[in-house]
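Peer 1: Provided herewith is a single structure, encoded as structure tokens, for subsequent inquiry.
The values are calculated or read from the model by the stated rules, or taken from the named source; none is laboratory data. What you see is a predicted model, and the numbers here were worked out from it, not measured in a lab. Cβ placement follows ideal geometry from the backbone for every residue including glycine, while neighbour counts extend to all protein chains displayed. These accessible areas exclude ligands, DNA and RNA; they are computed on the full protein's heavy atoms, side chains included. Shrake-Rupley method; radii C 1.70, N 1.55, O 1.52, S 1.80 Å.
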Amino acid sequence: MHEQVAVAALEGAAANVWLVPLLPFLAFLIISFLTRPWGRVSAAVSILALTGSLGISARIFWQRFTQDLPPMQVALPWITLVPDHPLGTIEIGLLVDNLSALMLLMVCFVGLCIQIYSTAYIQTEIAHFPTQGSASMSRFFGWLSLFTFSMLGLVLSHNLLEMYIFWELVGLCSYLLIGFWYFKHSAAEACKKAFVVTRFGDLGFLMGILMLGIALKGFDFPGLTEKFAQGIPQGLTAGFVALASVLIFCGAIGKSAQFPLQIWLPDAMEGPTPVSALIHAATMVAAGVYLVARLFPIFHPAGHAGEAALVVAWIGGFTAFLAATIAVVQNDIKRVLAYSTISQLGFMMAGLGMGAYTAGSFHLITHAFFKSLLFLGSGAVIVACHSNDLWQMGGLRRRMPFTWFAFLMGCLALAGVPPLAGFWSKDEILGYVHAAPGGMALYLVLTFSAFLTAFYVTRMYFLAFEGPFRGVQKAPADLAGPVPPPSLPAPFPTSQALGVTPEWTEEMVDSSQTELPAACRGARMEQPPHGEHLPHEVSPWMWVPLLVLAFFAVFLGFTGVPTGVGLGLPNFFEEFIHLSGAGHPHEFHWTPMILSVVVALAGIALGAWFFAGDPERGERRLRSGLGRVWPFLQQKWYMDHLWARALAGTMYAGARAMAWVEVHLVDHVVLGVATSFRSWGDWLRAEHSGKVQHHALMILLALILLAVGIGLVEPGFFTSRHFFFNLLEGGR
């Protein structure tokens with residue numbers, strides 16, 4: 001049951017919360033207008049600003065962790081509507097509660113690790129592109145700072161309308177960062193795809209905001225939580241609340257890449273790897289989960305799951321399964337992690353939908369650490385091997401010991417191996433769904449997805465770090481390469497109708513762009529191949545942040561050990577989250593936990609059986625065993641093609657229809673009017689001959705026509721000689 005809690009003013013450490021988003025925004029302005037020519041100076045400005053934000057966030061978190069404080073807010077008038085309007089004055093402000101304090105700390109800490117990592121990574125990247133220089137580094141850190149400001153503003157938003165503004169700013173920054181290598185055709189296409197696809201969800205989000213806010217005469221989160229604390233507010237029906245909630249959830253579907261809008265996130269790997277770690281592990285995709293957690297009372301009025309909550313749960317569960325199956329067949333190391341992110345976000349949504357507020361929020365935090373670790377680790381591997389292809393790697397355990405250890409910890413956490421962080425948080429979700437009424441079917445879907453997770457993580461690890469180093473020369477030609485391969489034809493002629501080639505899902509660069517250096521024409525790779533070489537450990541500026549994140553991937557889970565395990569540890573996370581008065585714990589059971597461990601170990605064992613000894617033989621055996629399912633998974637369940645066909649039959653068909661109307665109707669009318677006036681002008685111009693006799697004749701004819709016209713209107717003009725006198729007298 002949700003308790004009604006008064007909202008207090010900002011005090012103590014929280015009084016300085018406005019500095020948390022302001023410092024990154026000031027860094028963005030300084031980089032844009034002052035330090036742009038000097039990339040390292042810009043990096044220092046961005047890192048110092050985020051360090052300040054982290055310090056303030058840590059103080060706020062500690063204040064709320066050590067004291068039993070109510071939510072705090074500051075709100076100022078923003079939009080004043082017409083007098084007597086039901087909405088009155090819409091406010092803008094900052095809201096600090098336990099959930100936002102936790103998110104602030106996570107975003108700032110993970111973001112700082114990523115920015116420190118980026119100082120070495122982005123310099124290495126820029127060196128491979130002759131058209132880029134120090135200003136490109138400044139551009140990168142400037143956009144990182146702007147993105148951090150947008151995400152922190154979203155977390156601290158006081159109401160839904162304010163959140164929507166920062167929501168769109170996050171989308172804009174994602175567009176800029178995904179397309180950072182703007183000269184690559186694949187990156188340009190990927191950022192446009194991300195921006196357009198997420199707009200579908202954002203439209204529903206805005207509609208849901210307006211429906212709910214206007215009906216309840218307010219948009220602020222404390223007010224919405226209070227209204228739904230005891231159930232559906234008076235005057236609203238369950239159907240109306242369900243529709244508004246589902247529309248709001250559409251925004252989360254877009255931002256958090258849930259079915260059916262998950263198609264943008266794998267292509268977003270075209271951005272630099274630190275961007276993948278920041279946007280697609282710790283911040284942007286986390287925004288959708290944070291939105292559902294923030295509006296948890298609306299999805300669960302009075303603590304009971306509504307119809308919209310079941311929609312959230314099942315979309316999350318299906319997304320977890322779909323993405324896990326596709327990750328099994330990927331060759332690009334970053335795309336394996338991308339589909340893994342989609343799958344783990346599905347776990348979080350499923351947990352929140354079924355009512356596991358604590359477990360869903362806990363997995364959001366732990367996932368941010370171990371998934372950003374894995375993305376940054378993949379970036380280190382890509383720098384060392386000059387390739388994204390897993391089949392061009394191998395043997396990195398001995399050549400990159402620090403990266404190997406950190407990456408291994410991330411893999412074990414993702415696979416759900418105890419006692420790492422991913423085990424505790426994911427097991428909490430599975431345990432809650434298992435215990436929830438009617439949750440058995442969803443539990444089975446999530447359990448099988450967890451098995452697939454352990455399997456594809458093991459495949460990725462063995463291909464990258466074990467065995468001999470293959471490189472470009474020893475990579476098996478029939479196994480390596482992009483997925484889906486260009487040799488697979490598009491299943492529908494829609495791709496041709498859209499003006500793209502059959503291998504359009506690969507977004508291959510146009511080889512005719514000869515004005516760019518060869519290194520700048522690469523597609524689907526972080527760094528172009530540099531010939532045969534042996535990989536080596538990366539800079540300490542890169543592997544030190546990996547080890548820091550690995551520490552949290554190992555030990556962070558102990559802050560949320562369920563009561564009843566017997567380790568003698570209090571469940572700090574559950575106690576802290578429950579200060580906000582949302583969610584409720586479930587009774588601990590050993591059965592789902594033991595089954596979760598068995599499933600994880602079974603997935604790892606099966607992956608090792610296929611890929612530990614002879615990975616090439618294991619891959620061929622796996623493909624043979626899956627049969628026709630393999631190309632289906634390679635084509636990503638044909639989701640991109642289905643979307644293309646839907647667009648071709650709706651938006652593109654409508655565009656073609658409007659083009660026909662414009663050409664054959666609108667243009668003809670406009671051109672017809674113009675032609676008529678031109679013809680009249682030609683005739684009138686011919687009548688102006690300059691001869692006096694001709695002009696006198698025209699004047700006479702005009703007077704006759706004028707008289708005839710007046711006569712038709714007023715016959716007395718001809719029949720009465722007193723007409724003019726009567727007219728004058730009437731005028732007086």
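Peer 1: Per q in 0.12, 0.19, 0.21, 0.27 1/Å, what log10 I(q)/I(0) does a Debye calculation on the alpha-carbon atoms of segment 232-305 return?
Peer 2: So the normalised log intensities are -0.42, -0.79, -0.89, -1.20.
Peer 1: Once every DSSP H run of n ≥ 4 in the chain is given -39500 (n - 2.57) and the sum is divided by its residues, what mean residue ellipticity at 222 nm do you get, rounded to the nearest 500 deg cm²/dmol?
Peer 2: Taken over the chain, the calculation gives -21000 deg cm²/dmol.
Peer 1: Q234 to V669: extension gain in nm, 0.36 nm per residue of separation minus the Cα-Cα distance?
Peer 2: Extra length from Q234 to V669 when fully extended: 151.1 nm.
Peer 1: Further question on the same structure: In terms of Cα to Cα distance under 22 Å, which lysines are near enough to K636, apart from those fewer than 8 places away along the same chain?
Peer 2: Filter leaves K192, K193, K255, K334, K371.
Peer 1: Follow-up question, since we're still on this one. What is the percent of Cα-Cα separations in segment 96-199 that go past 16 Å?
Peer 2: 64 percent
Peer 1: On to the next question. Tell me the accessible surface of C173 in square angstrom (1.4 angstrom probe, heavy atoms of protein chains only), to the nearest ten.
Peer 2: 0 Å²
Peer 1: Across segment 605-614, in residue order, what do the Karplus-derived ³J(HN,Hα) couplings come to in whole Hz, using 6.51 cos²θ - 1.76 cosθ + 1.60 with θ = phi - 60° and x for Gly and Pro?
Peer 2: The phi angles translate into 4, 5, x, 5, 4, 7, 10, 6, x, 10 Hz.
Peer 1: Now for a different question. Kirkwood-based Rg over Rh for segment 277-408 (C-alpha set), two decimals?
Peer 2: 1.08
Peer 1: Charges only on Cβ, +1 for Lys and Arg, -1 for Asp and Glu: so what's the dipole of segment 1-111 about the Cα centre, in debye to the nearest 20?
Peer 2: 660 debye
Peer 1: If you take the square roots of the eigenvalues of the alpha-carbon gyration tensor of segment 17-99 and sort them as a ≥ b ≥ c, do you get rounded (a/c under 1.5), prolate (a/b over b/c) or oblate? Provide the component values of the computation, followed by the final result.
Peer 2: Working: a/c = 5.96, a/b = 1.41, b/c = 4.22.
Here segment 17-99 falls in the oblate category.
Peer 1: Once the Cβ-Cβ distance between W630 and F405 is put in as r, and R0 is 45 Å, what FRET efficiency do you end up with, to the nearest 0.05?
Peer 2: Efficiency for this residue pair is about 0.85.
Peer 1: I'd like the Karplus ³J(HN,Hα) series for segment 537-551: coefficients 6.51, -1.76, 1.60, θ = phi - 60°, whole numbers in Hz, and an x wherever there's a Gly or Pro.
Peer 2: 3J(HN,Hα) across segment 537-551, in whole Hz: 5, 8, 5, x, 4, 9, 7, 5, x, 5, 5, 4, 5, 5, 4.
Peer 1: Please work out the FRET efficiency for the pair S32 and S539, using the Cβ-Cβ distance as r and a Förster radius of 22 Å; give the result to the nearest 0.05. Walk me through the intermediate numbers first.
Peer 2: Details: r = 27 Å, r/R0 = 1.23.
Approximately 0.20, to the nearest 0.05.
Peer 1: Which sequence of W143, W683, W167 reflects their accessible areas, 1.4 Å probe, from the largest down?
Peer 2: Output order, biggest surface exposure first: W683, W143, W167.
Peer 1: Taking Kirkwood radius over Cα pairs in Å as the quantity of interest, determine which of (i) 27.2; (ii) 30.5; (iii) 28.2 was computed from the displayed structure.
Peer 2: Recomputing Kirkwood radius over Cα pairs in Å here gives the entry labelled (iii).
Peer 1: Please list, in chain and number order, the residues 5+ apart from A8 or on another chain whose amide H is under 5 Å from its amide H, with Hs placed from the backbone.
Peer 2: For A8, the qualifying residues are M72, Q73.
Peer 1: Got a sec to turn the phi values of segment 372-389 into Karplus ³J(HN,Hα) couplings, 6.51 cos²θ - 1.76 cosθ + 1.60 with θ = phi - 60°, whole Hz, x for Gly and Pro?
Peer 2: Per-residue couplings from phi come out as 5, 4, 5, 5, 5, x, 5, x, 5, 5, 5, 4, 6, 9, 6, 6, 8, 6 Hz.
Peer 1: Using modelled backbone amide H atoms (1.01 Å from N, in-plane), which distant-in-sequence or interchain residues come within less than 5 Å of F129's amide H?
Peer 2: none
Peer 1: Given a 1.4 Å probe and heavy atoms of the protein chains only, how would you sort D220, D267, largest accessible area at the top?
Peer 2: Numbers: D220 45, D267 5 Å².
My answer, sorted largest first, is D220, D267.
Peer 1: Along the charge dipole of the chain, which of Q258, I248, H668 sits closest to the positive end, that is, farthest toward it, with unit charges on the beta carbon of Lys, Arg, Asp and Glu (+1, +1, -1, -1)?
Peer 2: H668
Peer 1: Considering only protein heavy atoms, with the full assembly of protein chains and a 1.4 angstrom probe, order K193, K217, K184 by accessible area, largest first.
Peer 2: K217, K193, K184
Peer 1: Roughly how tilted is helix 284-294, in degrees to the nearest 10 and between 0 and 90, from the longest Cα axis of the chain?
Peer 2: Once rounded, the angle reads 90 degrees.
Peer 1: While we're here: How big is segment 336-415 on each of its three principal axes, counting only the C-alpha atoms and giving the largest first in Å?
Peer 2: 45, 21, 16
Peer 1: On to the next question. Enumerate the amide H contacts of I92 below 5 Å, restricted to partners 5 or more residues apart or on another chain; note that Pro and chain-start residues carry no placed amide H.
Peer 2: Long-range HN contacts for I92: L76, W78.
Peer 1: Decide, for segment 415-460, between rounded, prolate and oblate: order the square roots of the alpha carbon gyration tensor eigenvalues as a ≥ b ≥ c, take rounded if a/c falls under 1.5, and otherwise choose prolate if a/b is larger than b/c, else oblate.
Peer 2: Cα axes put segment 415-460 in the oblate bin.
Peer 1: Given the protein chains as shown and a 1.4 Å probe, how many square angstrom of M211 are accessible, to the nearest 10?
Peer 2: Using a 1.4 Å probe on the heavy atoms, I get roughly 50 Å².
Peer 1: What share of the DSSP beta bridges in the chain is antiparallel, in percent to the nearest 5?
Peer 2: 85 percent
Peer 1: Separate question: Wrap a convex hull around the Cα atoms of segment 165-283, take a quarter of its surface area, and give that in square nanometres.
Peer 2: Values: hull surface 31.4 nm².
Hull-based average projected area comes out at 7.8 nm².
Peer 1: For segment 373-474, take N as its residue count and report Rg(C-alpha) divided by 2.2 N^0.38 Å. Write out the running numbers ahead of the final one.
Peer 2: Numbers: Rg = 16.5 Å, N = 102, 2.2 N^0.38 = 12.8 Å.
With N residues counted in segment 373-474, Rg over 2.2 N^0.38 Å equals 1.29.
Peer 1: Would you kindly calculate the mean projected area, averaged across all directions, of the convex hull enclosing the Cα atoms of segment 373-433, in square nanometres? Spell out each step's value before the answer.
Peer 2: Values: hull surface 19.3 nm².
Across all orientations, segment 373-433 yields a mean hull projection of 4.8 nm².
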